[in-house]
Each structure stands twice: as structure tokens, then as C-alpha cells.
Amino acid sequence: MEGTEAKQQICHALLMASPPGEFNEVLESCRTLVGDDTVLDPVVEEISHAYNVDQMNIVTLPTGEKGLITAYGEVSPNQYIIPKKSLLITYQHLQGTVTDTRPLAPEELSDKEPLRQAVEAAMNAYVAERYKDGVCEVYANQYEDGSSALVICLQATRINATSMWTGRWRSVWTITLSSANADCKGTFQVHTHCYEGGNVQLKSSSEVSATLEMAEPAPFAQALIALIRANEQKYHSQIDESFTRLGEDTFRALRFQLPISKQRVDWQTIAAQSKVGHELGRK
Amino acid sequence: MSGKVDAALDLMRRQPPSDIDATLSGILDLAPECTEELLTSIDQPLKVMRDTQANRDYLISDFNRDGDSYRSPWTSQYFPTNDGQGAQPIPPLRELEQDLHSTMETYRELYFNGGIQSSYVWALPTAENGFAACTLIKKECDNVQKGLTKGCWDSIHVFEVTPSTNSPAPGSAGTLFTYKLTTTIMLTLTVGSLNLSGNVTRQNVRDDYITHAPNTPQGRIDHIKNMGSLLEETESRLRSHVETLYFQKMKEIVGYLHSSADLSEADRRRAAQRNIMAGLGATPASLAAQAAARVGTR
């Protein structure tokens, strides 16, 4: 039994590290390696749930529109609020399907709903402007201490099988609201995987904080989206700068393209010289 | 068993290359019966060992391992010591190993300007006059001044050298050998919270002559010359490939996920261009000529 638990933990770690869009392939390989489905069957649903929420999985609703599975919309491990449609959906993590939907009643909505809708409209326009495959959700959450927050989740995934790469961008913005100010905290994550003739991955993350003055929903939403646009662009530029710096400094310092002489190695000469040195050293 | 090995290799192609040691140890815990086969088929980041007799570092891998000890290319002794129990290459192969190792020291200095290199040679039981060899190179580079960039490069070159089954060209002097090289480069780069890491593998096969008798000093130089030029060419090409993959392709992918320009703007421009082309029956070349003329009149 102890062995079973250890194997479950190893598979949990392997599955949680799956590159974008490759969870099912990793699961298949884990099953083959373990060679006993009774080890994984009891935990696979739970791991799939943890992975989907962590990755903010994109779900296709019965209407064909796309929503997100996130911790901020989770009512139970299978039930998620899709604010953009005022829906509560029942989601099957392993299959990735929606098996039931129920409209939310007006009394189930937060009193920040007008603000939420204004931010959502501005976010939708912004996502269309910058993310080819972007999906976002804007949640209005009320906490027990009476405070409330907007949480904006944005996820973009592209699986390019022909060019053998996958990539995912995730942003989460938490906007804590008070009467005068809104504290905005953004976290960004990028994970890409190129598997042409090898395995190369980029993992990057960053955080940012800022404060906005409270205003009417429409102008507040505009100010907030301007802040988000600028900071996500800044994060993107930082990644590009890192590529440049690593490529021009670090990579070149590790292995030169050519020796200092700009000539390829004269193997006949260095092999013969080494021979001499080595014969001398041996004496 | 082979299904499990394939599954393990599939996982190694998908799991983050920055966690390769943890991934491999997890896989071995899941399928301990495949340990030997997996250790010989999965490349791991190179580790450094100290030859306390020569007072020099060397690189360890499955190629110079016997039990828990690793043979040093400097003295051919095992560390940690195994009381003279470890396998030794036969004398002509050890001679070749010493020559290869010291030649590759020059190569390492020329291309890496630092780092550690170790070469090993062992017998190929299947081919008379054939042998196998590997050259391992590790270079690390920390640049604290420029905002904590870190890099680590591992090259793993494995040769199989066998008498060629092709017939020599008419009038050629010497013996024809087939040099099969499998090269893996593992490269990890970090700056701040950004990690770019991976491994790429490429195989290269070439026939070449040795003009002197094998197992003579000159014959060994011939072999090393042939192996060296194949290694240099393969590593240089793979370096260019890695450079494109790590910096250009990754940058494109991030740019694909998040666009730095307004997508609808770009769409509008493309649509407008299509309309103009359809309307005028223009070709891209004539459009380019028009654009050039416009720039000229500005």
C-alpha cells in the first residue's frame, strides 16, 4: 500500500508538469509505466482536477462559446461559475466535457455585477486585440470579512502539431476593492514546449502591483484595462529582452561559433601535437 | 518491458528539461525493472568527479561507470576507489583514449575557453578493429554582474567506429571506416525567474580513410582526425540549430500567444491589401514595387 502511495505521488508530480495540451499523453505514459490501473484509477480524477484548475483550462460551453475552469469560479470540484454567461456548469475533468448547465439566479450574483460587467466588456475587447487564442473570465467575489474583489483570469493556448510546439500564456489579476482605491495585483506565466528533434521548454513568471482610484464602472474599467495592457506588454518585452541577453551574452560565452582564430580546427596538427605532449607526459 | 521503456522515453520528451534528474528518478521508481536499459538510453546532465591522484576533475557518465565508481581519463583509476576491481580498456584502446582525450582538451580550449572535457574509449565486441568512444564537455557560466544570468552547456558525443562495408574508391590508399556519431546537447539558461532549457540530439554518419595501420601511433592520429572533424561539424551545426530554437522560435511562440500590436489592426491591413490586390489584379511583386516608389517620393 505504501508503494502505491509513492507511485501516486510520482505520477502526480509528472502530470502536474505536463506541457500545454499534453496531459493525456503524459497520463498514458504514466499508466504504461505503472502497469497497474488500480494504482492510478483512484487518484486520476483528483490530479486532473488539480491540473485543470492550475492551468485555468479552457472549456467549450454547449453554446460553442469558451469559458475557463479556475479556482475563482469553483463551487465544488465539478461545478464552476462561468460569469460571462451567468452559468453554473458541471464539468468532467478527465473528459473535458460539460454535462450540465444551470443559469445563475439574480440573487446569486454579487452586488458588484455592474462593475464586473463593465470590466468584462473592456477585457473582451482587449483580449481580441492582443490574444489570438485568448479566453478570459471576470469574477466578482465577496469575502467573509465583507470586502470584495474582482478576479480577471486570462488564458491563451496554441497547440501547433505541424511545427511541433505548444505554448500557453496565463494572467491572473486580483483587484481588491475598497471605497477609495483598488489594489491591483497581476501574475503572469508562460510555458512553451518545442519537441522537434529534442525537448526545449521555456518557463517564465512575473508579478506586478499597482493602485487605481475608484470611479464609475465605465471609466474604472477603461483605466484598469489600460493598466493591464501596459503591464502585459511590459512583461512580454522583458521576456524578449531576456532572449536577447541570454542569446548574445550567455550562449556565446558557453560555446563559441568559431575559435578566436576564426578558423576551424586543424585536426591533423592538434592530434599530432597532443600525441607529442602525451608521449612527453608519459615519460 | 519495451512498452515501458517507450513510455519512459515519451515522458522524458515531455517533462521540463530543467527537472531531468527528478523526472528520471521518478520514472525509475515507477519501473525499477527497466533501470539498466533506461540509464543507458537517457542522457543525463554531466556530473563532475575529482581524480585525487592527478588532482584534476573529470566528467562521469554511464560510459566510464563500474558499479558505483567512475574511471578517470587522467589516470585510468576509479573514484571512489574500488580497490583495482574496475574494468580497464585493453592497452591499445587506452592509448587511443589518452590521445583522443588530450586532442579534445585542445578542442575544448579553442571552442569553450574553459569548462571540463573527458573522453573515453571502449571495445565494441561486435566489430574487429572497431571501437566505441565518447567525448563529454561541460561548461558553466554565471554572470552575476549582468543581472544574474546563468548558463550550463553539456555536450555528449558518442562514436561507433567500425570497418566500412562500402568498398573503397578506386586508387584510394588506406582502410575505410564508418564513423557513426550521436550528439546530444543539453543547455540550460536562466535569468531571473525565466528558465529556458532543453536537449537536442542529432546523428551523423560518415565514411573516412585511415592511411596508417590501426593500433600504430599514426593510425590513431588518423582516427582522431576523422572523429574530431565529424564532432566539430556536428556540434557546430547543432549549436546553430539550438540558437534558432532557443531564441528565435521561442520568441515567435511568445509573440504568437500575446501580440505586441493590435491584432484587428493587422487583420484590417491584411484584408485591405487583399482587396487592393484583387481589385487591381496586382501581384505581390508589383505591390512591392509600388511601395518602394512611394517611399522614394517621400
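For B:Ser264, indicate whether it is assigned to a loop (DSSP other than H, G, I, E, B), loosely packed, with under 15 Cβ neighbours inside 10 Å and within 7 Å of another protein chain (Cβ to nearest Cβ). No: the conditions fail for B:Ser264. Only one entry in A:Ala128, A:Ala121 is closer than 17 Å to A:Ile225 by Cα, among the small types (Gly, Ala, Ser) and more than 19 Å from the chain's Cα centre (by Cα), namely A:Ala121.
Would you check if there is a residue in region A:250-269 being modelled with pLDDT of 95 or more, among the hydroxyl-bearing types (Ser, Thr, Tyr) and within 34 Å of the chain's Cα centre (by Cα)? Checking region A:250-269: not a single residue is modelled with pLDDT of 95 or more, among the hydroxyl-bearing types (Ser, Thr, Tyr) and within 34 Å of the chain's Cα centre (by Cα).
Among residues of region A:231-258 that are touching a residue at least 12 places away in the same chain (Cβ under 8 Å), those with a Cβ under 7 angstrom from a residue that is part of a helix (DSSP H, G or I) and hydrophobic (A, V, I, L, M, F, W, C), sequence gap 6+ or separate chain, pair up as A:Ile239/B:Val254.
Please pick out the residue among A:Glu213, A:Glu207 that is acidic (Asp, Glu) and either in contact (Cβ under 8 Å) with a residue 60 or more places away in the chain or more than 10 Å from chain B (Cβ to nearest Cβ) (or both).
Numbers: A:Glu207 fails: either in contact (Cβ under 8 Å) with a residue 60 or more places away in the chain or more than 10 Å from chain B (Cβ to nearest Cβ) (or both).
Result of the check over A:Glu213, A:Glu207: A:Glu213.
Only one of B:Asp10, B:Asp51, B:Asp6, B:Asp62 is more than 14 Å from chain A (Cβ to nearest Cβ), under 30 Å from A:Thr32 (Cα atoms) and touching a Ser or Thr at 6+ places or on another chain (Cβ under 9 Å). Can you tell me which? Of the residues listed, the single one that is more than 14 Å from chain A (Cβ to nearest Cβ), under 30 Å from A:Thr32 (Cα atoms) and touching a Ser or Thr at 6+ places or on another chain (Cβ under 9 Å) is B:Asp62. Within region A:17-34, the presence of a residue that is under 23 Å from the mean Cα position of the chain (by Cα), over 21 Å from B:Arg14 (Cβ atoms) and β-branched (Val, Ile, Thr) is excluded.
Go through A:Asn57, A:Asn24 for me and flag whichever is at pLDDT 95 or above, closer than 26 Å to A:Arg170 by Cα and open to solvent by less than 70 Å² (accessible area, probe 1.4 Å). Even if it seems obvious, please write down each step before you answer.
Values: A:Asn24 fails: open to solvent by less than 70 Å² (accessible area, probe 1.4 Å).
Going through A:Asn57, A:Asn24 in turn, just one is at pLDDT 95 or above, closer than 26 Å to A:Arg170 by Cα and open to solvent by less than 70 Å² (accessible area, probe 1.4 Å): A:Asn57.
Every condition in (1) more than 10 Å from chain B (Cβ to nearest Cβ); (2) open to solvent by 30 Å² or more (accessible area, probe 1.4 Å) is met by A:Lys7 except one, and the failing one is (1). All conditions in (1) open to solvent by 30 Å² or more (accessible area, probe 1.4 Å); (2) of a type in the set (Ser, Thr, Tyr); (3) under 29 Å from A:Tyr80 (Cα atoms) hold for A:Ser204, with the sole exception of (1). Regarding region A:218-233, can at least one residue be identified that is acidic (Asp, Glu), within 7 Å of chain B (Cβ to nearest Cβ), surrounded by 14 or more Cβ atoms within 10 Å (Cβ to Cβ) and under 16 Å from B:Thr190 (Cα atoms)? No; the residues of region A:218-233 include none that is acidic (Asp, Glu), within 7 Å of chain B (Cβ to nearest Cβ), surrounded by 14 or more Cβ atoms within 10 Å (Cβ to Cβ) and under 16 Å from B:Thr190 (Cα atoms).
Pairing each residue of region A:141-158 that is part of a strand (DSSP E or B) with any residue that is of a type in the set (D, E, K, R) and exposed (fewer than 11 other Cβ atoms within 10 Å of the Cβ), provided the two are 6+ apart or on different chains, yields C-beta distances under 9 Å for A:Gln142/A:Asp111; A:Ser148/A:Asp111.
Is it true that A:Tyr72 is aromatic (Phe, Trp, Tyr), in contact with a His (Cβ under 9 Å, 6 or more places away or on another chain) and either at pLDDT 95 or above or closer than 27 Å to B:Ile20 by Cβ (or both)?
When the stated conditions are applied, A:Tyr72 does not pass them.
The residue that is farthest from the chain's Cα centre (by Cα), among those in region B:216-237 that are open to solvent by 10 Å² or more (accessible area, probe 1.4 Å) and of a type in the set (Gly, Ala, Ser), is B:Ser229.
In summary, strands (runs of 3 or more DSSP E) completely within region B:22-134 and bearing 3 or more residues that are open to solvent by less than 30 Å² (accessible area, probe 1.4 Å), hydroxyl-bearing (Ser, Thr, Tyr) and touching a His at 6+ places or on another chain (Cβ under 9 Å) occur at B:116-123. Number of residues in region B:153-208 that are open to solvent by less than 10 Å² (accessible area, probe 1.4 Å), among the acidic types (Asp, Glu) and more than 14 Å from chain A (Cβ to nearest Cβ) equals 0. Close Cβ contacts (under 7 Å, 6 or more residues apart or on different chains) running from residues in region B:49-61 that are more than 16 Å from B:Met104 (Cβ to Cβ) and among the small types (Gly, Ala, Ser) to residues that are open to solvent by 100 Å² or more (accessible area, probe 1.4 Å) and at pLDDT 95 or above are absent. Checking region A:181-195 against the condition returns a match, with at least one residue being exposed (fewer than 15 other Cβ atoms within 10 Å of the Cβ), modelled with pLDDT under 95 and more than 8 Å from every other protein chain (Cβ to nearest Cβ). Condition (residue is of a type in the set (Phe, Trp, Tyr), farther than 30 Å from B:Pro17 by Cβ and within 23 Å of the chain's Cα centre (by Cα)) applied to region B:203-215: is it met by at least one residue? No, every residue in region B:203-215 fails to be of a type in the set (Phe, Trp, Tyr), farther than 30 Å from B:Pro17 by Cβ and within 23 Å of the chain's Cα centre (by Cα).
Whether any residue in region A:185-193 is under 18 Å from A:Gln238 (Cβ atoms), more than 16 Å from the chain's Cα centre (by Cα) and not aromatic (Phe, Trp, Tyr) is what I want to check. Taking every residue of region A:185-193 in turn, at least one turns out to be under 18 Å from A:Gln238 (Cβ atoms), more than 16 Å from the chain's Cα centre (by Cα) and not aromatic (Phe, Trp, Tyr).
The values are calculated or read from the model by the stated rules, or taken from the named source; none is laboratory data. In this text, all values refer to a predicted model and were calculated from it rather than measured experimentally. Positions of Cβ are generated from backbone atoms using ideal geometry, with glycine treated the same way; all protein chains shown enter the neighbour counts. The accessibility values were calculated without ligands, DNA or RNA, using every heavy atom of the protein model including side chains. Shrake-Rupley method; radii C 1.70, N 1.55, O 1.52, S 1.80 Å.
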